[in-house]
Amino acid sequence: MKKRAMSLVGAALAAAIALPGAALSQETTIIGVSIPAATHGWTGGVNFHAQEAIDRLEQEYENLDFVLATAGDAGKQVSDLEDMLATRNIDALVVLPFESDPLTGPVKRVKDAGKFVTVVDRGLAQEGIEDLYVAGDNPGFGRNAGEFFKEKMPDGGKIVVLRGIPTVIDNQRVEAFQTAIEGSGIEILGMEHGNWNRDDAFEVMQDFLSRFPEINAVWASDDDMALGVIEAIRQANRQDEMWVLGGAGMKQMIERVGDNDTMVPADVLYPPSMIATAIELTALKYVSGAAIEGRYILNSTLVTPENASQYYYPDSPF
Amino acid sequence: MSAEASTPAAPARRMRIDLHVWGPLVALVLLILLGAFLNANFLSYGNVTNVLARSAFIGIIAVGMTFVITAGGLDLSVGSMAAFIAGVMIIVMNWLVPELGAGWPVVLAGMGAALLVGLVAGAVNGLLVTRAGIEAFIVTLGTMGIFRSLVTWLADGGTLSLNFEVREVYRPVYYGGLFGVAWPIVVFAVIAVIGEIVMRRTAFGRHCAAIGSNDQVARYSAIHVDTVRLLTYVFLGILVGIATIMYVPRLGSASSTTGLLWELEAIAAVIIGGTVLKGGFGRVWGTAVGVLILSLIDNILNLTDLVSPYLNGAIQGVIIILAVVLQRGRKAG
């Protein structure tokens with residue numbers, strides 16, 4: 001497994017407990033993996049890391065078989081799950097739900113059929129369905145970003161915020177961010193949705209730049225958006241006036257942090273490789289017999305020039 | 001030819017045309033007044049340049065879409081096609097850098113590739129519609145999925161980025177300009193004027209309208225219906241290529257989210273501008289006004305705190321419908 005900062009919340013992930021593994025290893029275990037299609041940078045990263053983890057595990061363990069399905073919308077994902085259950089005879093399911101509510105029922109049916117269920121990133125609407133939950137820390141993502149702003153702007157300042165697609169994830173991040181900067185003298189001039197999209201963020205930032213004569217920093221809250229924002233700032237020739245904090249851990253951004261780029265002083269991780277963590281942990285249950293059930297939350301680590309090299313993956317498309 | 005088909009309705013049509021003419025312009029003027037009233041920077045050089053330059057991509061595509069719709073067709077694939085062309089352009093340019101060095105030859109080769117791919121993609125759409133006789137909606141729905149998947153595949157699910165040095169050479173195509181007018185605005189204006197002339201003053205434009213109002217009558221009038229239809233898709237493909245040439249230097253990247261929903265924005269702009277969705281009547285300058293209306297709505301919402309950002313989509317929807325009501329409402333009463 002990749003070495004990276006993680007915190008283990010209430011999970012009993014002990015080192016391999018030697019169970020009589022012979023019986024387990026004789027017949028093939030089929031693990032279904034259902035993830036959203038690569039519709040933007042981050043999900044592209046999810047696809048890459050899922051494929052990579054599957055290839056690696058299939059090579060390493062003969063008795064593991066994987067079924068990978070990508071879905072462009074929630075409805076397609078429900079069909080994928082039904083097909084996996086009906087025709088592919090899966091023993092375990094790793095699912096990154098497209099949306100929480102529509103997927104809760106279908107995932108519960110998989111669970112009721114006696115399968116091991118791992119849910120990644122987006123929690124289900126009903127508690128206690130999944131055996132294992134692997135996710136990033138969304139409030140932590142906003143909080144760490146907020147703490148960084150406070151540290152960089154001890155005397156306060158004027159900032160603008162670009163939000164993602166209106167979702168629970170986005171709300172949690174923004175609320176935690178606002179709580180973190182409370183009372184610091186940092187004033188949020190404006191907040192608009194850039195939909196985690198480079199083009200949208202470019203246009204929103206152009207308009208922020210026309211609207212506000214003084215901006216000290218931008219919380220772009222996503223690396224794709226940060227790239228659009230930086231381009232808009234460059235067009236207005238106001239690079240020296242402000243810096244930008246993105247998020248997620250896109251390789252181009254991590255590289256810029258590592259190069260001490262003054263416009264990109266840091267980044268906050270929300271690694272798409274969490275899908276690999278989930279697949280590996282699920283596989284571990286079948287190859288080692290270790291206890292896996294529980295919750296596994298990955299830290300939203302702050303990447304700075306000092307530690308950037310640890311989080312740089314040149315081969316990833318994200 | 002079109003005159004023959006519509007002679008009985010001529011008096012009624014003249015009334016309708018009057019309202020058609022003023023509807024989109026009135027909406028545009030109202031929006032400009034609203035923007036100027038809400039924010040002092042609205043009419044600044046910087047903001048006007050931003051709005052016009054970002055309208056250019058959809059605008060260039062929408063001019064071509066006007067011809068397709070006027071001739072009774074539809075093209076849902078243009079957004080995906082733009083993404084695919086952007087992807088191919090970037091790959092071609094990155095691939096040529098070691099051969100030619102990072103300079104204008106590489107950029108020109110990329111532009112050539114964009115026009116070629118646009119032409120071929122448009123021809124595929126057009127041939128499937130005219131030769132295979134499949135409805136335009138279905139053909140272009142299919143190619144929309146194909147182009148989108150191809151760019152995702154080319155980018156390996158991530159983002160294709162243009163070589164950094166080439167990008168610096170190419171950058172002025174979006175950010176530079178002629179006498180202070182940004183290039184995308186110049187190109188959009190030139191294409192809109194040419195489009196208007198072709199629609200009004202040439203046999204091709206009149207043939208499009210004739211085919212759109214009644215393709216059987218047009219056929220009996222010795223118009224090469226299939227050829228004209230095919231050409232509308234080919235021209236649209238080339239225009240998508242031109243739009244992509246202006247788009248790529250902006251952010252220097254292409255991914256599966258590039259050009260998302262451009263097709264709907266282009267179609268909306270065409271209809272707001274007074275072109276009839278069923279075909280038979282098209283107006284290029286109206287399309288240009290429609291594109292500006294759509295960009296202004298976004299811009300004004302970003303420049304103010306009037307409404308919750310959650311409601312931006314609703315405001316856009318209301319204004320689009322109002323703009324069309326303005327030009328058609330009174331004829332119903």
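Going residue by residue through segment B:250-267, is there one that turns out to be aliphatic (A, V, I, L, M), within 30 Å of B:VAL88 (Cα to Cα), without any contact (Cβ under 8 Å) to a residue 24 or more places away in the chain and within 14 Å of chain A (Cβ to nearest Cβ)? There is at least one residue in segment B:250-267 that is aliphatic (A, V, I, L, M), within 30 Å of B:VAL88 (Cα to Cα), without any contact (Cβ under 8 Å) to a residue 24 or more places away in the chain and within 14 Å of chain A (Cβ to nearest Cβ). Would you mind telling me which numbered condition in (1) closer than 30 Å to B:GLY157 by Cα; (2) touching a helix residue (DSSP H, G or I) at 6+ places or on another chain (Cβ under 7 Å); (3) in a helix (DSSP H, G or I); (4) not aliphatic (A, V, I, L, M) A:PHE149 fails? A:PHE149 satisfies all of (1) closer than 30 Å to B:GLY157 by Cα; (2) touching a helix residue (DSSP H, G or I) at 6+ places or on another chain (Cβ under 7 Å); (3) in a helix (DSSP H, G or I); (4) not aliphatic (A, V, I, L, M) except (1).
The number of residues in segment A:274-314 being small (Gly, Ala, Ser) and buried (at least 23 other Cβ atoms within 10 Å of the Cβ) comes to 4. Residue count for segment B:131-177 under the criterion of being among the β-branched types (Val, Ile, Thr), under 30 Å from B:GLY279 (Cα atoms) and in a helix (DSSP H, G or I): the result is 5.
Of all the residues in segment A:200-220, those that are more than 7 Å from every other protein chain (Cβ to nearest Cβ) and more than 12 Å from A:VAL160 (Cβ to Cβ) number 2. Pairs are defined by a Cβ separation below 8 Å, a sequence spacing of at least 6 or placement on different chains, a first member in segment B:300-328 that is modelled with pLDDT of 75 or more, and a second member that is of a type in the set (Phe, Trp, Tyr) and surrounded by 15 or more Cβ atoms within 10 Å (Cβ to Cβ); the pairs so defined are B:ILE300/B:PHE42; B:ASN302/A:PHE208; B:LEU303/B:PHE42. Those strands (runs of 3 or more DSSP E) of segment A:43-124 in which at least 2 residues are within 25 Å of the chain's Cα centre (by Cα), at negative phi and among the small types (Gly, Ala, Ser), considering only elements entirely within it, cover A:64-71.
A quick yes/no check of all residues on (1) closer than 26 Å to A:VAL134 by Cβ; (2) more than 17 Å from the chain's Cα centre (by Cα):
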position: A:MET205; (1), (2): no, yes
position: A:PHE208; (1), (2): no, yes
position: A:PHE212; (1), (2): no, yes
position: A:MET225; (1), (2): yes, no
position: A:ARG256; (1), (2): no, yes
position: A:SER288; (1), (2): yes, yes
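Got at least one residue in segment A:143-158 being buried (at least 21 other Cβ atoms within 10 Å of the Cβ), away from chain B (no Cβ under 14 Å) and of a type in the set (S, T, N, Q)? Checking segment A:143-158: at least one residue is buried (at least 21 other Cβ atoms within 10 Å of the Cβ), away from chain B (no Cβ under 14 Å) and of a type in the set (S, T, N, Q). Is it fair to say B:VAL240 is within 30 Å of A:PHE318 (Cβ to Cβ), of a type in the set (Val, Ile, Thr) and within 17 Å of the chain's Cα centre (by Cα)? Criteria met by B:VAL240. Counting only residues that are buried (at least 24 other Cβ atoms within 10 Å of the Cβ) and acidic (Asp, Glu), segment B:65-122 holds 1 of them. Identification of strands (runs of 3 or more DSSP E) wholly contained in segment A:195-308 with 3 or more residues that are farther than 20 Å from A:GLU151 by Cα yields A:294-298. Taking the conditions (1) touching a strand residue (DSSP E or B) at 6+ places or on another chain (Cβ under 9 Å); (2) under 26 Å from B:SER80 (Cβ atoms); (3) free of Cβ contacts under 8 Å to residues at least 12 places away in the same chain; (4) β-branched (Val, Ile, Thr) in turn, B:THR152 satisfies each one other than (3).
The values are calculated or read from the model by the stated rules, or taken from the named source; none is laboratory data. Since we're looking at a predicted model, the values are computed, not measured. Every residue, glycine as well, gets a Cβ built from its backbone with ideal geometry; the counts of neighbours run over all protein chains shown.
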